[in-house]
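Following: one structure in structure tokens, then a few remarks.
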Amino acid sequence: MSRIDDINNVVEELQVEMQKFYEKGNKAAGTRARKHLMTLKNLSHEIRQEIQAKKNSM
């Protein structure tokens, strides 16, 4: 379940930064939000590869 926790942590951080960007107009928060989105993309890719490898080994 650590992968689920990893995703949840990134999403929680992303939500905070997106609120700062969209509601308060904080440009630096937009940069941090983009960073969190890239982290989420990379994490998703890793998880997809793990799932595929496990599926193929069954």
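Overview of results
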item	result
Residues (small (Gly, Ala, Ser) and in contact with a helix residue (DSSP H, G or I) (Cβ under 9 Å, 6 or more places away or on another chain)) located in segment 30-58	30, 33, 44
Extreme residue, surrounded by the most Cβ atoms within 10 Å (Cβ to Cβ), among residues of segment 1-37 that are within 27 Å of residue 47 (Cα to Cα) and small (Gly, Ala, Ser)	33
Some residue of segment 28-37 being in contact with a His (Cβ under 6 Å, 6 or more places away or on another chain) and either modelled with pLDDT of 95 or more or part of a helix (DSSP H, G or I) (or both)	no
Residue within segment 3-21 that is at negative phi and touching an Asp or Glu at 6+ places or on another chain (Cβ under 9 Å) present	yes
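The values are calculated or read from the model by the stated rules, or taken from the named source; none is laboratory data. Note that the coordinates shown come from a computational prediction; the quantities given were computed from them, not determined experimentally. Virtual Cβ from ideal backbone geometry, glycine too; neighbours counted across all protein chains shown.
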